[in-house]
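Report on one structure; see the data block that follows.
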Amino acid sequence: MSAILEVNNLKKLFGKTNRGVNQISFSVQDGDFHAFIGENGAGKTTTIKSIIGAYTNFEGNILINNIDIKNAQAKAIIGYIPEVADFPKELSVYEYLYNLAYLSNIKKEEIKEKIHKYLKLFNIENLIHDKPYNFSSGQKKKILLIQALIHNPRLLILDEPAANLDPTARYELFSLLKKLNLEQKITIFISSHVLAEIDKYVNSVTLIHNGNILYNGKKNQSLEDLFYEKIIKNTN
């Protein structure tokens with residue numbers, strides 16, 4: 001199995017505080033359901049923003065399927081779901097997804113098919129003409145997920161996807177992600193601090209602490225046990 005994501009000596013520090021990440025390296029194997037875990041302020045969001053290209057002035061390099069992230073071809077392999085949903089008030093689900101798919105250079109005849117395919121998969125076909133601006137948090141997350149999937153990415157990156165979701169919506173989301181991982185062979189890279197909730201879905205993990213990588217590899221124990229062993233135990 002080859003790496004779909006390689007982060008090599010990534011350094012991105014901010015101002016006088018020196019917060020960020022300091023020459024970190026880790027990899028994610030193609031087909032994995034990967035947990036990216038750490039405390040708030042550990043460097044998770046800085047790393048993710050570097051991977052998706054939101055930050056460009058960093059040291060080191062990031063490869064997506066052996067292609068440098070600064071290459072547009074690499075960005076096309078990634079689907080990204082931010083923590084916060086921000087939808088235009090005036091657009092329906094169909095209009096919103098159609099516009100984004102069109103901007104991704106998907107052929108017009110394919111766009112309608114893809115939209116209906118994912119709305120059906122996520123059991124929200126009835127919402128196609130409604131405005132996502134008014135949706136519940138769980139419904140908004142599903143639209144963001146379709147948005148990220150519509151250009152057929154191989155790597156799906158999610159930053160704290162369970163934030164503001166009720167237990168039912170969280171269960172639905174993680175079940176959908178596992179289905180995509182198993183059936184469509186999409187690599188899932190999920191940043192979360194809710195360790196117990198994602199534990200049963202993931203098969204590999206990267207643990208970051210104070211801008212440094214403490215573990216990267218297969219999940220051989222529960223995420224909470226790993227966190228305790230590498231961080232809490234060593235600080236007591």
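Nothing in this text is a laboratory measurement; each read-out follows from the coordinates by a stated rule. All values reported here derive from a predicted model rather than from experimental measurement. Cβ: placed from backbone, ideal geometry, glycine included. Neighbour counts: every protein chain shown.
I want to verify a result. In a Gaussian network model of the chain, Cα cutoff 10 Å, which of these has the top mean-square fluctuation: Thr187, Thr46, Thr56?
Checking each option, the largest mean-square fluctuation is seen for Thr56.
Ranked by Cβ crowding within 10 angstrom, fewest neighbours first, how are Leu91, Leu156, Leu226 ordered?
The order, fewest Cβ neighbours first, is Leu91, Leu226, Leu156.
Can you show me the helix-derived [θ] at 222 nm for the chain, built from DSSP H runs with n ≥ 4 at -39,500 (n - 2.57) apiece and divided by the number of residues, rounded to the nearest 500.
That calculation yields -9500 deg cm²/dmol at 222 nm.
For the pairs Lys114/Lys142; Lys12/Lys44; Lys49/Lys131; Lys178/Lys200, note any where the Cα-Cα span goes beyond 18 Å.
Exceeds cut-off: Lys49/Lys131.
Give me the dipole magnitude in Debye, nearest 20, for the chain about the Cα centre, with unit charges on the beta carbon: positive for Lys and Arg, negative for Asp and Glu.
300 debye
From the residues Leu10, Ile231, Leu165, which one has its Cα farthest along the dipole of the chain in the positive direction, the dipole being from +1 and -1 charges on Cβ of Lys/Arg and Asp/Glu about the Cα centre?
Working it through, the farthest residue towards the positive pole turns out to be Leu10.
P(r) tail for segment 23-95, what percent of Cα pairs lie past 17 Å?
So the pairs more than 17 Å apart make up 55 percent of the total in segment 23-95.
Sort His34, His129 so the one with the fewest other Cβ atoms within 10 Å of its own Cβ comes first.
His129, His34
Of all DSSP beta bridges in the chain, what percent run antiparallel (nearest 5)?
55 percent
For segment 44-174, what are the per-bin percents of Cα-Cα distances with bins 10 Å wide, up to the bin holding the maximum?
12, 40, 35, 13, 1
What net charge do the residues around Pro153 carry, taking every other residue with its C-beta under 13 Å from that of Pro153, with Lys and Arg at +1 and Asp and Glu at -1?
+3
List the chymotrypsin sites (Phe, Trp or Tyr not before Pro) in segment 128-212 that DSSP assigns to loop (not H, G, I, E or B) and whose Cβ has at most 13 other Cβ atoms within 10 Å. Which are they?
When the chymotrypsin sites (Phe, Trp or Tyr not before Pro) of segment 128-212 are filtered for loop state and at most 13 Cβ neighbours within 10 Å, nothing remains.
Counting only trypsin sites (Lys or Arg not before Pro) that are in a DSSP loop and have at most 12 other C-beta atoms within 10 Å, tell me the longest site-free stretch of the chain.
By the stated rule (loop sites, at most 12 other Cβ atoms within 10 Å), 108-184.
May I ask which residue of Ile188, Asn66, Asn99 lies farthest towards the positive end of the charge dipole of the chain, with charges of +1 (Lys, Arg) and -1 (Asp, Glu) on Cβ and the Cα centre as origin?
The listed residue farthest towards the positive side: Asn66.
Roughly how far apart, in whole Å, are the Cα centres of segment 13-46 and segment 109-183?
Rounded to whole Å, the Cα centres lie 25 Å apart.
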